[in-house]
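These notes concern the structure reproduced below.
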Amino acid sequence: MRSRYRAGIDVGGTFTKMGLLDQKGRLAAKSAIPSRGFSDKKFFATRIQDELLRLARSRGISWSQVEGISIGLPGPVDTRR
């Protein structure tokens, strides 16, 4: 059976940090990208997706092995916007 992973994303004002954790909660890989483009939601979401895929590939992890994603955002989130 292949290992399973979870992705964690922490969106900050300066950097967005992300990591892949194994089933025991150990950090398998991590990365950080500048948070520029935050006002353009599609660009920012695509940038995060691309970086997570790159991070997984760099460790030989198939995206099908990632079973969940958590995201931390600063401040309140307006779900209507």
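The values are calculated or read from the model by the stated rules, or taken from the named source; none is laboratory data. Keep in mind it's a predicted model, so treat the numbers as computed, not measured. In this analysis, Cβ positions are derived from the backbone assuming ideal geometry, glycine residues included, and neighbour counts consider all displayed protein chains.
Against the numbered list (1) surrounded by fewer than 13 Cβ atoms within 10 Å (Cβ to Cβ); (2) part of a strand (DSSP E or B), Pro76 comes up short only at (2). When the criteria are applied in full, Leu53 meets the requirement of being free of Cβ contacts under 8 Å to residues at least 24 places away in the same chain and surrounded by 13 or more Cβ atoms within 10 Å (Cβ to Cβ).
Looking at segment 26-34, is at least one residue assigned to a loop (DSSP other than H, G, I, E, B), modelled with pLDDT of 95 or more and loosely packed, with under 15 Cβ neighbours inside 10 Å? I'd like the intermediate steps shown before the answer.
Just the residues of segment 26-34 that are assigned to a loop (DSSP other than H, G, I, E, B), to begin with: 26.
Pick out the ones that are also modelled with pLDDT of 95 or more and you get 26.
Remaining after also requiring loosely packed, with under 15 Cβ neighbours inside 10 Å: 26.
Yes, that holds for at least one residue.
If you go through segment 1-19 and pick out every residue that is without any contact (Cβ under 8 Å) to a residue 40 or more places away in the chain and assigned to a loop (DSSP other than H, G, I, E, B), you end up with 2. Within segment 4-16, being out of contact with any helix residue (DSSP H, G or I) (no Cβ under 9 Å at 6 or more places or on another chain) and either surrounded by fewer than 16 Cβ atoms within 10 Å (Cβ to Cβ) or acidic (Asp, Glu) (or both) holds for Asp10, Gly12, Gly13, Thr14, Phe15.
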